Amino acid sequence: MTDLLEQDISAAPPSPAPAAASKSRHRSEAFARRLRARHAAERRFRLAGAAAVALAALVLVLLLGSIVARGGSAFWETRIRLEVTLDPAEVADRNYTVLLRRALHAQFPQVTDRAGRRVLNELLSSGAPYELEAMVAGDASIVGTTRTVWVRADDEIDQLVKGRYRRDLPESERGLSDAKIAAADALMADGALAQGFNTTLFTAGDSREAEQAGIGGAVVGSLLTLLVTMALSVPVGVSAAVYLEEFAPKNRWTDLIEVNINNLAAVPSIIFGLLGLAVFLGFFGMPRSAPLVGGLVMALMTLPVIIIASRVALKSVPPSVREAALGIGASPLQTVLHHVLPLAMPGILTGTIIGMARALGETAPLLMIGMVAFIVDVPHGLTDSATVLPVQIYMWADSPERAFTERTSAAILILLGVLILLNGAAVVLRKLFERRW
């Protein structure tokens, strides 16, 4: 019996265990290969993402660095020290130019010829006499005395002091005469040429002379334009969003309105400028190049953005908030005003501020309604002629003078700073009013 059992066992087929183990091992190796390939792909993706971020940061740093290198010196201006004798007869005739030139010629007694004195006269800014006049108007007791005054230098001397001219170039290629350079060097050696903070850049309007040009008028024009834009677009945009999201019936008309709002948000900005030119200026006859018209055009442009952002914020409020308010007896209007709208306020504020930032940086619509005019005075009202900061940058960038290139970069830095502040305010307000669900 035992022999028969042993023969049956020996005659039985081999166990499948080795084959199953081999197949399992092959599966494990294939899985390990796929896992390694997936991890390698993930590492490559991360490296590509990191490289893209690093490249973007590098380009941004290079861009900002070039703007700062070009425009940082615009925040400083060069002034000339003069010992001015305020002759009462000349002051009475308002001959302040003569007084300044006498004081400047006295510092160069060796220059007696007409051509040499003409070179000396060109060292002074054409606005220097007005500075002296303002000084006398502020204190009439100084008439008849000799005073030490610091007046603004010409833009070419300012650029020379800032190192914008290469002294090793020939006079014909440099754009600045050797006589002017020699006179400026003499003043610097005597300590009569120095740099100070450029307040004119922030307080003055535009000017044909670079050393007298400022962004004060453009900044005030931008603020007045944004004031009109905000006063019109914010209440209308938020109200439209509340109606469309909370009260409007869902039919083909509301669908058509929603499609048009989404399309208007993608319309090129210059189209709104053409609309303002045809409607506000051509049909209604409103004043050209005025912040009132600019604000109306910007309000039309930002209205779709505010409506879309406000609707998204209203949709983010949980339905349970509405149901709870209605359940305790609140009317639909009370539910929206007292519960839904306060909870959606972070998103609404974010969309509003981003819309205002976009309006601040726009140029094309305002060019169409004439806000590209040369404006010297700072506007005082909504109907005064004005320009805005982006348009001012556009006009300065088109000027061939070397000093306007510097001021263009400085204005860009100021505009970027304002935009960063607006976007930062949007982030802060969102974090301040945001609620976690």
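Structural remarks
- Remark: pairs (first residue in region 94-111, within 13 Å of ILE80 (Cα to Cα) and of a type in the set (A, V, I, L, M, F, W, C); second residue assigned to a loop (DSSP other than H, G, I, E, B) and modelled with pLDDT of 90 or more; Cβ separation under 8 Å; 6+ apart in sequence or on different chains) = LEU104/LEU123.
- Annotation note: of PHE280, PHE247, the sole residue that is under 16 Å from MET371 (Cα atoms), of a type in the set (Phe, Trp, Tyr) and either touching a helix residue (DSSP H, G or I) at 6+ places or on another chain (Cβ under 8 Å) or at pLDDT below 85 (or both) is PHE280.
- Hey, THR408 crowded, with 19+ Cβ neighbours inside 10 Å, outside any loop (DSSP other than H, G, I, E, B), touching a Lys or Arg at 6+ places or on another chain (Cβ under 6 Å) and among the hydroxyl-bearing types (Ser, Thr, Tyr) or not: no
- Screening GLU133 with (1) open to solvent by 20 Å² or more (accessible area, probe 1.4 Å); (2) out of contact with any helix residue (DSSP H, G or I) (no Cβ under 6 Å at 6 or more places or on another chain); (3) modelled with pLDDT of 90 or more; (4) over 20 Å from ALA210 (Cβ atoms) gives one miss only, at (2).
- Given (1) assigned to a helix (DSSP H, G or I); (2) open to solvent by less than 70 Å² (accessible area, probe 1.4 Å); (3) at pLDDT 90 or above; (4) out of contact with any Ser or Thr (no Cβ under 9 Å at 6 or more places or on another chain), index of the condition LEU62 fails: (2)
- Answer from ARG102, ARG33, ARG25, ARG70 - the residue that is modelled with pLDDT of 90 or more, of a type in the set (D, E, K, R) and open to solvent by 70 Å² or more (accessible area, probe 1.4 Å): ARG102
- Residues of region 357-383 that turn out to be hydroxyl-bearing (Ser, Thr, Tyr) and within 17 Å of LEU292 (Cβ to Cβ), as a count: 1
- Screening the candidates VAL149, VAL161 for the property of being within 16 Å of VAL84 (Cβ to Cβ) and touching a residue at least 24 places away in the same chain (Cβ under 8 Å) yields one hit, VAL149.
- Number of the condition not met by PHE374 [criteria: (1) open to solvent by 60 Å² or more (accessible area, probe 1.4 Å); (2) within 17 Å of THR200 (Cα to Cα)]: (2)
- Any chance GLY417 is at pLDDT 85 or above and among the small types (Gly, Ala, Ser): yes
- Spans of helices (runs of 4 or more DSSP H) in region 272-359 with at least 3 residues surrounded by fewer than 21 Cβ atoms within 10 Å (Cβ to Cβ) and either within 30 Å of the chain's Cα centre (by Cα) or among the hydrophobic types (A, V, I, L, M, F, W, C) (or both): 291-315, 319-327
The values are calculated or read from the model by the stated rules, or taken from the named source; none is laboratory data. Everything quoted here is computed from the prediction, not taken from an experiment. Ideal geometry is used to build each Cβ from the backbone, glycine not excepted, and the neighbour counts take in all protein chains shown. Accessible surface areas use protein heavy atoms only, side chains included; no ligands, DNA or RNA. Shrake-Rupley method; radii C 1.70, N 1.55, O 1.52, S 1.80 Å.
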